[in-house]
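Just below is one structure, and these are the notes that go with it.
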Amino acid sequence: MTKTAVGARSSIAETARAREYEGMTDAYIYDHVRTPRGKGRAEGALNEITPLQLSTQVLMALRDRSHLDTALIDDVVLGIVSPIGEQGSVLPRSAALNAGYGDGVPGVQVNRFCASGLEAVNTAAAKVMARQSLAVIGGGVESMSRVPLGSDGGAWPADPAFATKVHFTPQGIGADLIATLDGYSREAVDGYAVESQRRAAQAWSEQRFARSILPVRDVIGEVVLARDEHMRPGTSLEDLAKLRPAFETMGRQGGFDAVALQRYPELEAINHVHTGGNSSGIVDGACAVLIGSETFGKQAQLTARARIRAFASIGSEPCIMLTGPALVAAKVLKIAGMSLEDIDLFEVNEAFASVVLRFLRATGVPHEKVNVNGGSIALGHPLGATGARLMTTLLYELERTGGRFGMQTMCEGGGQANVTIIERLS
């Protein structure tokens, strides 16, 4: 590229920014893309693809799909839950450079446990809404087959004094604790998981994900994965009933049940109902969402597909960790001046079946409006990327069905929750 061309690109970006800074602005979603989810094991299809390459490929796809002048991009914000090793050293900056974005495009990684991808999207939107950025890419990546969960350590699981203070238990114990407190049986959580698998299989058979999926390629350009690999179509209640509870041994022999019962002494025991079949799948994947102002859309000659109406985050009870989605939903509705009845579709991350069952009970929202294309139980949960993946699923489903408003909410480690409301425009 010539110096003249580079100068022209910079001039376009600077002119657009100068105009945008004159007043308040909305944040719009212009495009988004995700990889399929590969099994998070050594034999998974994406194990050979580094986190850098996963991130690079979604960034390249956003650029190429929108014929994007990357000089208009002010930042790349990616969620990464284990920002260590191959996922460390501010991977988003490396990915932007590796994808051929201009030297002037910075990058930053954020970590809010399971909602890191959503936090990245909200951060990107906030930068645009505050008129500090013309356009920002928000998204996430996690290669759980190459950088295992918990690789980055931290006080939460490793400092005995702190763990005792907050009654730390692993999330699986928290999920079983919810089931015990709320009375969800093994059959109930398994039934929810079967429905997630059925909905995901139907979504793929009807090609509902076709526009959002980016087939992942290896170093020689061959497609290594074009479809979510974790799904188990045809899973039945009988199949799931054969699985042993995943967290019973760590709870009873590892002492975590006793910790949880100290926090909830009204319970006699914890009913361990969650298994690998009704919990989110460990997978690899990446996602990216292009967010910008109205001026950016005009400069880039792109049509906004959705407006980000409101977002919020909260802390919740830290022993269970997983009870925040309904609470943070109430908070964001107050911010937006809306009610649950205004929302056409919901995405509630399926960290565990009991998390969504509690959301349904607490809000009264019918299951027919929640996770209509399945969720992380069927599709998998690449921790840093899931928040952005849910956004792609939500927007495409609003477009497919003609709905106007969608809400996405997620529980997360440490007892927290995030939520975002979007409004479909096109």
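Quick notes on this one:
- Any hit, region 282-294, residues being farther than 28 Å from GLN87 by Cα, crowded, with 21+ Cβ neighbours inside 10 Å and in contact with a helix residue (DSSP H, G or I) (Cβ under 6 Å, 6 or more places away or on another chain): yes
- Residues in region 93-126 that are within 20 Å of the chain's Cα centre (by Cα) and in a loop (DSSP other than H, G, I, E, B): ASN111, PHE113, ALA115.
- Residue among PRO106, PRO92 that is under 22 Å from GLN132 (Cβ atoms), open to solvent by 10 Å² or more (accessible area, probe 1.4 Å) and not polar (S, T, N, Q): PRO106
- Among the criteria (1) surrounded by 18 or more Cβ atoms within 10 Å (Cβ to Cβ); (2) in contact with a Ser or Thr (Cβ under 9 Å, 6 or more places away or on another chain); (3) among the charged types (D, E, K, R); (4) part of a helix (DSSP H, G or I), the one GLU86 does not fulfil is (1).
- Screening MET250 with (1) within 30 Å of GLU119 (Cβ to Cβ); (2) of a type outside the set (Val, Ile, Thr); (3) buried (at least 21 other Cβ atoms within 10 Å of the Cβ) gives one miss only, at (3).
- Residue in region 335-361 that is farthest from GLU397 (Cα to Cα), counting only those that are in a strand (DSSP E or B) and among the aliphatic types (A, V, I, L, M): VAL348
- Qualifying residue in region 366-386 (condition: more than 18 Å from GLY172 (Cβ to Cβ), surrounded by fewer than 24 Cβ atoms within 10 Å (Cβ to Cβ) and among the acidic types (Asp, Glu)): yes
- Taking region 387-426 as the range and being outside any loop (DSSP other than H, G, I, E, B), free of Cβ contacts under 8 Å to residues at least 60 places away in the same chain and open to solvent by 10 Å² or more (accessible area, probe 1.4 Å) as the test, only THR401 passes.
- Yes/no for PRO265 being touching a residue at least 60 places away in the same chain (Cβ under 8 Å) and open to solvent by 10 Å² or more (accessible area, probe 1.4 Å): no
- Scanning region 306-335 for residues that are closer than 20 Å to THR123 by Cβ and either open to solvent by 20 Å² or more (accessible area, probe 1.4 Å) or free of Cβ contacts under 8 Å to residues at least 60 places away in the same chain (or both) yields ARG307, ARG309, PHE311, SER313, ILE314, GLY315, LYS331, ILE335.
- Total residues in region 127-146 satisfying the condition of being part of a helix (DSSP H, G or I) and open to solvent by 40 Å² or more (accessible area, probe 1.4 Å): the figure is 2.
- Within region 130-186, the only residue that satisfies the criterion of being in contact with a Lys or Arg (Cβ under 6 Å, 6 or more places away or on another chain) and on the phi > 0 side of the Ramachandran plot is HIS167.
- Pairs, first in contact (Cβ under 8 Å) with a residue 24 or more places away in the chain in region 205-228, second surrounded by fewer than 14 Cβ atoms within 10 Å (Cβ to Cβ) and among the hydrophobic types (A, V, I, L, M, F, W, C), C-beta under 8 Å, six or more apart: PRO215/VAL223; VAL216/VAL223; ARG217/VAL223
The values are calculated or read from the model by the stated rules, or taken from the named source; none is laboratory data. Fair warning: this is a prediction, and the values are worked out from it, not measured in the lab. Here the Cβ is made from the backbone with ideal geometry for all residues, glycine too, and neighbour counts use every protein chain on show. Keep in mind that these areas ignore ligands, DNA and RNA; they rest on the heavy atoms of the full protein, side chains included. Shrake-Rupley method; radii C 1.70, N 1.55, O 1.52, S 1.80 Å.
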